[in-house]
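A.B. asks: I'd like to ask you about the structure that follows.
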Amino acid sequence: MAERRHLETDVLVIGAGGAGMSAAIAAADGGANVLLADRSLIGRGGATIMAMMTVAVAVGEETPDDWHYHYRDTLIAGRGLCKPELARLLCEEGPDAIRQMDGWGVGWARRDGHIAQAHAPGHDRPRCVYVDFLNTGPAVSKTLRTALHKRERARRIGDLMIIDVVRAGNGPHAPVTGAVALDVTTGKAVTIGAKVTIIATGGLTRLYARNSASGNMGGDGYAIGLRAGTKLIDMEFVQFFPIGHLAPRMIGMDPIMWDPFRYKLGGRLLNGNMEEFTGRYGTPEDGKYVVTRDNATYAIMQEVAAGRGSPHGGAYLSFTHIPVEQLKAAFGPVIDKLTTNGIDLTKQAVEVAPIAHYHMGGIAVDAAMATGVPQLLAAGEAVGGANGANRLSGNAITEALVFGRQAGRTALEVLGGGAAFDPADAAASLALVEATGASAREVNTAAMLARLQSLMWEDVGPFRTEAGLQRAIEGIGALDRQLGAVPVGVPNAYDMARLDWFDLRNMLLVARVVTEAALLRTESRGAHQRDDYPGLVEEWTRNQVVVLEGGRAVIEKGPLIPDEKVAA
Ligand SMILES: Cc1cc2nc3c(=O)[nH]c(=O)nc-3n(C[C@H](O)[C@H](O)[C@H](O)COP(=O)(O)OP(=O)(O)OC[C@H]3O[C@@H](n4cnc5c(N)ncnc54)[C@H](O)[C@@H]3O)c2cc1C
């Protein structure tokens, strides 16, 4: 038999971002033994550590606030598709989660002794807490890593890529008993027996050529969930951020960091001819810079299509009209980081363009984070439904902290319901990890990844048409056939081609689901914009639900969501 390691735990948490670490802490605090596994380094792999801006929460420190107001804003932004029980949990539990982080020393910025809260678009009042300057995600991640470190019951293992979760048999009531993983440092298989498993693997924006993601955000959790029998919802809703950094090269900084400065200082959005242009598309800025994300994305892409884009295919963002002292005060130490990157905002405009940023869809769960598959929970961006068709600024980190903590608590309640791990149930996934395949010279997985990202960007990006989506489905099918059923190479330490193969296995499945769901939704709503079906259609006020049947993704329309659920 191939050399394998086996680990046992009460609770397996897959993914060590904000959601996974919060889940691990809550489960360990309740007395469970926890194994927190990440394909990257613990707390450094996904989006959480990259987020530099704000966290939305009704703590009411800046102005009086109440979670009901936050809830109402979240439902409005979600354009009728939010799962009310999830949006409610996010808003109602947010303040407590944020105060818990405060108690652990995260260092929320303070003004006159109270937690400072910024006003971000879509919120009816200043609601977004942050850690200065642009340090929110790193501080959140560090605080959770430190809290975890103090919990002896929480074991942490990096470089462990979960390939599949394992169920005891096939029936609808078969519980999840653990997982099969690939040890990136050896290439060997690892089996994990767990009484409860939590998927907290983050989002899917790596599917797109232009993205704000790290390399670990290819939608693994969605694919793992689908293969294990969970449902996915709202998969067509990928959020594109209009002014992601494009040029010049900028290292070590959040590509979406320009947003708060633009609002705060009035950064000017200009086309390649240095003209303001959003007014051409019905959304003039009038010096206020309040154009919504979807409208700004539309305007930039139309200017580029008309040949009036900036040299790298976006628009200019200029702060050159702002007095130097005002710039320095607003940007603080960020000015030095920009200087290190050779960017002087007093003299030059930067180039920005839309970028895939967040995924509203994901694994369907109830308010306890239960997936419907026994002993399998999910949390964080891996979950769909809380934000409907469009996410409010700052809601994603709150979602990660609140849903992660909830999943950890639920895990404690269902610990007794599992079954023992049996390697026979894991045979198919183990065979895959231990297989010998074609040489990496025969199957160029890196080129296939680039091809997938480019076709997703071209045809399943911010603006979609039937012809483009059909083209994407054909392209994905061709890549699927090229990938084949056996991983390239042999089990080996840090074999990137082989890891790419496993990434593509997940990414192609998830890309297909996103594209097919986008094709079926014949309307434009929130982040899903169809050039051939402009405008929101009331009949489409329903979620789409995806299941895997006989290896094929089947998409069903959910029931019409009544108006009263939308009105808070
Ligand atoms: C650049 C950027 C800026 C952002 N800014 C903000 C902001 O200001 N405010 C806000 O609210 N939101 C922001 N967001 C969104 C927010 O950061 C995320 O939605 C949130 O952090 C997700 O947390 P998570 O724990 O669910 O996932 P992540 O933090 O992405 O963690 C997922 C983890 O799972 C691991 N993983 C994935 N697959 C596997 C596997 N197969 N096996 C093992 N491990 C796996 C990954 O390595 C990763 O560590 C931003 C996102 C980005 C990319």
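A.B. asks: Within segment 502-530, which residues are farther than 25 Å from L392 by Cα, open to solvent by less than 10 Å² (accessible area, probe 1.4 Å) and of a type in the set (A, V, I, L, M, F, W, C)?
C.D. replies: The answer is F502, L504, M507, L508.
A.B. asks: Restricted to segment 356-372, and to residues that are surrounded by fewer than 24 Cβ atoms within 10 Å (Cβ to Cβ) and touching a helix residue (DSSP H, G or I) at 6+ places or on another chain (Cβ under 6 Å), which residue is farthest from N543 (Cα to Cα)?
C.D. replies: A368
A.B. asks: Does segment 221-230 include one or more residues that are more than 16 Å from the ligand (Cβ to nearest atom), in the same structural domain as A379 (by TED's automatic domain parsing), open to solvent by 10 Å² or more (accessible area, probe 1.4 Å) and not aliphatic (A, V, I, L, M)?
C.D. replies: There is at least one residue in segment 221-230 that is more than 16 Å from the ligand (Cβ to nearest atom), in the same structural domain as A379 (by TED's automatic domain parsing), open to solvent by 10 Å² or more (accessible area, probe 1.4 Å) and not aliphatic (A, V, I, L, M).
A.B. asks: Take the residues in segment 27-41 that are more than 6 Å from the ligand (Cβ to nearest atom) and surrounded by fewer than 24 Cβ atoms within 10 Å (Cβ to Cβ); name whichever of them is nearest to A181 (Cα to Cα).
C.D. replies: Here the answer is L41.
A.B. asks: Of the conditions (1) of a type in the set (A, V, I, L, M); (2) more than 13 Å from the ligand (Cβ to nearest atom); (3) open to solvent by less than 10 Å² (accessible area, probe 1.4 Å), L204 clears all except one; give me its number.
C.D. replies: It fails just one condition, (2).
A.B. asks: Yes or no: G94 over 28 Å from H149 (Cβ atoms) and of a type in the set (G, A, S)?
C.D. replies: Considered against the rule, which asks whether it is over 28 Å from H149 (Cβ atoms) and of a type in the set (G, A, S), G94 comes out as no.
A.B. asks: Filter segment 42-80 down to residues that are more than 13 Å from the ligand (Cβ to nearest atom) and at positive phi and give me whichever is farthest from the chain's Cα centre (by Cα).
C.D. replies: Selected residue: G60.
A.B. asks: Can you pull out every residue in segment 182-201 that is open to solvent by 20 Å² or more (accessible area, probe 1.4 Å), within 21 Å of A19 (Cβ to Cβ) and assigned to a loop (DSSP other than H, G, I, E, B)?
C.D. replies: T201
A.B. asks: Please enumerate the residues belonging to segment 67-78 that are open to solvent by less than 80 Å² (accessible area, probe 1.4 Å) and among the charged types (D, E, K, R).
C.D. replies: The answer is D73, and nothing else.
A.B. asks: In segment 396-410, is there at least one residue being more than 14 Å from the ligand (Cβ to nearest atom) and either in a helix (DSSP H, G or I) or touching a Cys at 6+ places or on another chain (Cβ under 8 Å) (or both)?
C.D. replies: yes
A.B. asks: Look at V238 and say whether it is under 23 Å from G416 (Cα atoms) and either in contact with a Cys (Cβ under 9 Å, 6 or more places away or on another chain) or not small (G, A, S) (or both).
C.D. replies: Answer is no for this residue.
A.B. asks: Also, quick follow-up: From the list W501, W457, which one is in contact (Cβ under 8 Å) with a residue 40 or more places away in the chain, in a helix (DSSP H, G or I) and touching a Lys or Arg at 6+ places or on another chain (Cβ under 7 Å)?
C.D. replies: From the options W501, W457, the qualifying one is W457.
The values are calculated or read from the model by the stated rules, or taken from the named source; none is laboratory data. From a predicted model like this one, the values you see are computed outputs, not experimental measurements. Positions of Cβ are backbone-derived with ideal geometry, glycine not excepted, and every protein chain shown enters the neighbour counts. Remember, those area values only see protein heavy atoms, side chains included, never the ligands or the DNA or RNA. Shrake-Rupley method; radii C 1.70, N 1.55, O 1.52, S 1.80 Å.
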